[in-house]
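Read the structure below first, then the notes.
Throughout, read-outs are computed from the coordinates displayed, never taken from laboratory work. Just so it is clear, the structure is predicted and the values come from calculations on it, not from any experiment. Positions of Cβ are backbone-derived with ideal geometry, glycine not excepted, and every protein chain shown enters the neighbour counts.
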Amino acid sequence: MSRYLFDNAAVQTAGRFSVLESRYDTASRNALARTGLGPGWRCLEIGGGGGSLGDWLGELVGPEGEVTVTDIEPARAASRRRAANVRVLRHDITRDPLPGDGFDLVHARLVLLHLPERQRVLERLAGALRPGGWLVVEEFDCGWTPVLAAPDDNSVLLFERLHGSLLALLEKSGAEPLWGRHVVRAMLRAGLTEVTATTYAEAWPGGGEGIGLHRANTGQVAHDLAELGVTADELDAFLALLDDPRFVVNSYPLVSALGRRPGERTSR
């Protein structure tokens, strides 16, 4: 049975959300801006996480627009001070009816890769658009994280072993770690037009902010890693490596794909 590997109620969630917001929000904002996003737009943010992008969308669409932010566990987004035009809902995209339709923009970041029914969910999101509306789906390609520098060869092997075990856990839970490289094709299959994509990545040195994502993720699933044969000593060595400035790894590449629902945008 599939399950979401990274429970948003876990203590490590705050650290994960902090990294995602600080290292990837700029790339996400740039992708969203390419849709022509502006005042008066109706937006749906699926899997809003900490809520930073939902708040930003609320600023862009202004008081005449509206933003609906959903998450399976929305407590962190709901705890933020937000504008009156931004609402936060508890919502499971795989089970619950969508909170409306006819949206100008639907956005999901790092959601579909965790869902076995990802293609069906993407098609649901595309169907929630008004004619001419935009779907923006952003996903990691977790298969391209080369080590860029390391104190020795054993450090490279250690990272690759631990990270490979993490990807195996994701696959066991029903996720697709390589989903980022398939998103464009999936959007075309869903009947979207004007499909384009950009990819953002950066170097993450040990002890830096970005590499903390690996710390949060491995810390949350330490028990599961042990069941795969990862020893306590290996995990301790891996966590120490993440603090070593001589170690540098490529970030997860974020593929930001945009597609448009066919038809002319209708007036309100």
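Only helical DSSP H runs with n ≥ 4 go in: add -39500 (n - 2.57) per run for the chain, normalise by residue count and round the 222 nm mean residue ellipticity to 500 deg cm²/dmol.
Working: 9 runs with 97 residues, N = 268.
After summing the helix terms and dividing by the residues of the chain, the value is -11000 deg cm²/dmol.
Mean separation of Cα pairs under 8 Å and 6+ residues apart, divided by the residue count of segment 13-260: what relative contact order is that in percent? For segment 13-260, the relative contact order is 22 percent.
Of the two radii for segment 1-103, the radius of gyration is 0.96 times the Kirkwood radius, both from the alpha carbons; that is the Rg over Rh value.
Hydrodynamic analysis of segment 137-268 uses the Kirkwood radius over alpha carbon pairs. Inserted into Stokes-Einstein at 4 °C and 1.567 mPa s, it gives a translational diffusion coefficient of 79 µm²/s.
Evaluated at 25 °C with a viscosity of 0.890 mPa s, what Stokes-Einstein diffusion coefficient in µm²/s does segment 181-238 have when Rh comes from the Kirkwood expression over alpha-carbon pairs?
Numbers: Rh = 14.8 Å.
Stokes-Einstein gives a translational diffusion coefficient of 166 µm²/s.
Note on the chain: with a GNM built from Cα contacts shorter than 10 Å, the maximum mean-square fluctuation among LEU166, LEU129, LEU157 falls on LEU157. Phi angles of segment 200-206 translate, via the Karplus equation with coefficients 6.51, -1.76, 1.60 and θ = phi - 60°, into HN-Hα couplings of 10, 8, 8, 8, 10, x, x Hz per residue; Gly and Pro are given as x. A cut-off of 5 Å between modelled amide H atoms, ignoring neighbours fewer than 5 places along the same chain, links ASP141 with GLY180, VAL255.
Cβ neighbours within 10 Å, averaged per peptide: list 50-63, 227-240 in order, most packed at the top. Intermediate values should be presented prior to the final figure.
Details: 50-63: 20.1, 227-240: 13.5.
Sorting 50-63, 227-240 by mean packing, highest first, produces 50-63, 227-240.
Of the trypsin sites (Lys or Arg not before Pro) found in segment 41-124, those that fall in a DSSP loop while having at most 16 other beta-carbon atoms within 10 Å are ARG80, ARG81, ARG95. For the chain, the Cα-based Rg and Dmax, in that order, read 18.9, 62 Å.
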